[in-house]
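Student: Dropping a structure here in structure tokens format, bear with me for questions.
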Amino acid sequence: MFTGIVTALGTIREARQSGDLRAVIACPFDPAGIAMGASIACSGVCLTVVDKGGTAGDAWFAVDISGESVARTVPGRWHEGTTLNLEPALKLGDELGGHIVTGHVDGVGEVLGVCPDGDSRRIGFAISHELAPYLAAKGSITIDGVSLTVNEVTDQPDGSCHFAVNIIPHTAEVTTLGTLQQGDKVNLEIDVLARYLQRMQSLRG
């Protein structure tokens, strides 16, 4: 379980295919604080630490990424040199600063545009009709592992929808969202509460 509050940026140092995809991710963590078998959200994807090393501030950890995870996430995301948003799993007693995030990607969204909004950036996204029913203005969504509030939702004639979020300067600086441009793809996780509400509504129908 995660909160969608990114604590560091990591870079894929090595990616090799042998059964599952094995990725080695460089990060500024202390390896002594990374437990084998621990969960770390990598741009919104919950992955298990299978190896680690390095020194405090210059560490690395390795994860195995299943074919299912590769298929459900942004195409080309798991290549050498890619920057990832990192968040270790929530510990009992930690502050829940964002919202409840599972680290299970529901789909991929596309950036429609980026424009200034005061000191912030307003970013518009397009999502498929499968995910459209789960979005609501002032609701929560996880974009590449970052917990954000949906500012507006506009339904489209084909059943898909467009939505917008605001990225404050701090978030733009400490996550990959500050570099997003029109046409970029992102991992999306809908609010877990919306998922259950939609399921209950469908059963009533």
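Student: Please pull out the direction-averaged projected area of the stretch 85-205, using the convex hull of its alpha-carbon atoms, in nm² to one decimal place. Walk me through the numbers before you get to the answer.
Tutor: Numbers: hull surface 33.7 nm².
Its average projected convex-hull area is 8.4 nm².
Student: Short version: ³J(HN,Hα) in whole Hz for each residue of the stretch 62-73, in order, from phi by Karplus 6.51 cos²θ - 1.76 cosθ + 1.60 (θ = phi - 60°), x for Gly and Pro, what are they?
Tutor: 10, 9, 9, 10, 5, x, 4, 5, 4, 5, 8, 10
Student: Once you've got the GNM for the chain with C-alpha springs shorter than 10 Å, pick whichever of G103, G139, G37 has the biggest mean-square fluctuation.
Tutor: Comparing G103, G139, G37 in the GNM, the peak value goes to G37.
Student: Please list 42-54, 71-83 highest first by mean number of surrounding beta-carbon atoms within 10 Å per residue. If you can, show how the numbers build up before the last one.
Tutor: Numbers: 42-54: 20.1, 71-83: 14.8.
Peptide ranking by packing, descending: 42-54, 71-83.
Student: Search the structure for amide H atoms under 5 Å from the amide H of I65, placed 1.01 Å from N in the peptide plane, and list their residues when 5 or more places away or on another chain.
Tutor: L21, R22, A23
Student: What net charge do the residues around S69 carry, taking every other residue with its C-beta under 11 Å from that of S69, with Lys and Arg at +1 and Asp and Glu at -1?
Tutor: Values: positive: R72, R77; negative: D20, D64, E68.
Taking every Cβ under 11 Å from that of S69, the sum is -1.
Student: If you don't mind, another one. Can you list residues from other chains, or at least 5 along the same chain, whose modelled amide H is less than 5 Å from the amide H of A59?
Tutor: Amide H neighbours of A59, under 5 Å, 5+ apart: C27, F29.
Student: What list of ³J(HN,Hα) couplings, whole Hz, do you get for the stretch 6-16 from phi and the Karplus terms 6.51, -1.76, 1.60, once you set θ to phi - 60° and write x for glycine and proline?
Tutor: Once θ is set to phi - 60°, the couplings for the stretch 6-16 become 5, 9, 6, 9, x, 10, 5, 8, 7, 9, 9 Hz.
Student: Which residues' amide hydrogens lie under 5 Å from the amide hydrogen of G107, considering only partners 5 or more residues apart or on another chain, with H built in the peptide plane?
Tutor: Amide H neighbours of G107, under 5 Å, 5+ apart: L188.
Student: Expressed as a whole percentage, what fraction of the accessible surface of the chain belongs to carbon and sulfur atoms when a 1.4 Å probe is rolled over the protein heavy atoms? Kindly include the intermediate steps, with their values, before the conclusion.
Tutor: Values: 5370 of 10380 Å².
With neighbouring chains kept in place, the figure for the chain is 52 percent.
Student: So what's the chain giving for Rg/Rh, alpha carbon basis, Kirkwood Rh from the mean inverse pair distance?
Tutor: Values: Rg = 17.0 Å, Rh = 17.5 Å.
My calculation puts Rg/Rh at 0.97.
Student: What is the distance, in nm, between label points placed 7 Å from the Cα along the Cα-to-Cβ direction at H79 and at A137?
Tutor: Roughly 3.9 nm, to one decimal.
Student: Continuing with this model, one more query. Compute the length gained on full extension between D30 and I168: take 0.36 nm times their separation in residues and subtract their Cα-Cα distance, giving the result in nm to one decimal. All intermediate terms of the calculation are to be shown ahead of the outcome.
Tutor: Values: separation 138, 0.36 × 138 = 49.68 nm, distance 2.79 nm.
So the chain would gain 46.9 nm between D30 and I168.
Student: Okay, moving on. If r is the Cβ-Cβ distance from T179 to S128 and R0 is 35 Å, what FRET efficiency results, to the nearest 0.05?
Tutor: Efficiency, rounded to the nearest 0.05: 0.90.
Student: If you don't mind, there's one more thing I want to ask. Given the peptides 144-151, 178-185, arrange them by the average over their residues of other C-beta atoms within 10 Å, most packed first. Don't skip to the end; give the middle numbers.
Tutor: On the way: 144-151: 21.9, 178-185: 13.5.
Highest mean packing first, the order is 144-151, 178-185.
Student: How much accessible area per residue does the stretch 73-121 have, in Å², with a 1.4 Å probe? Each step should come with its number before you reach the end.
Tutor: Details: 2730 Å² over 49 residues.
Ligands and nucleic acids excluded, the result is 56 Å² per residue.
Student: Turning to a different aspect of this structure: Using just the helices of the chain, give the 222 nm mean residue ellipticity in deg cm²/dmol: DSSP H runs with n ≥ 4 each add -39,500 (n - 2.57), and the total is spread over all residues, rounded to 500.
Tutor: Values: 3 runs with 25 residues, N = 205.
Using -39500 (n - 2.57) per qualifying helix, the result is -3500 deg cm²/dmol.
Student: Using alpha carbon centroids, what distance separates the stretch 52-75 and the stretch 76-150, in Å?
Tutor: 18
Student: Could you work out how far apart the two model spin labels at S120 and S66 are, taking each label as a point 7 Å from the Cα in the direction of the beta carbon, and quote it in nm?
Tutor: Between S120 and S66, the simple spin-label model gives 3.6 nm.
Student: Once R0 is set to 35 Å, what does the formula 1/(1 + (r/R0)^6) return for the Cβ-Cβ distance between D155 and M1, expressed as a FRET efficiency to the nearest 0.05? Before the final figure, lay out each step's value.
Tutor: Values: r = 31 Å, r/R0 = 0.88.
So, using R0 = 35 Å, E works out to roughly 0.70.
Student: Through the Karplus equation 6.51 cos²θ - 1.76 cosθ + 1.60, θ set to phi - 60°, convert the phi angles of the stretch 23-33 into ³J(HN,Hα) values in whole Hz; use x for Gly and Pro.
Tutor: For the stretch 23-33, the Karplus-derived couplings read 10, 9, 10, 7, 8, x, 6, 9, x, 5, x Hz, x marking Gly and Pro.
The values are calculated or read from the model by the stated rules, or taken from the named source; none is laboratory data. Model, not experiment: these values are computed from the prediction. Using ideal geometry, Cβ is built from the backbone for each residue, glycine included, and neighbour counts are taken over all protein chains shown. With ligands, DNA and RNA removed, areas are computed over all heavy atoms of the protein, side chains included. Shrake-Rupley method; radii C 1.70, N 1.55, O 1.52, S 1.80 Å.
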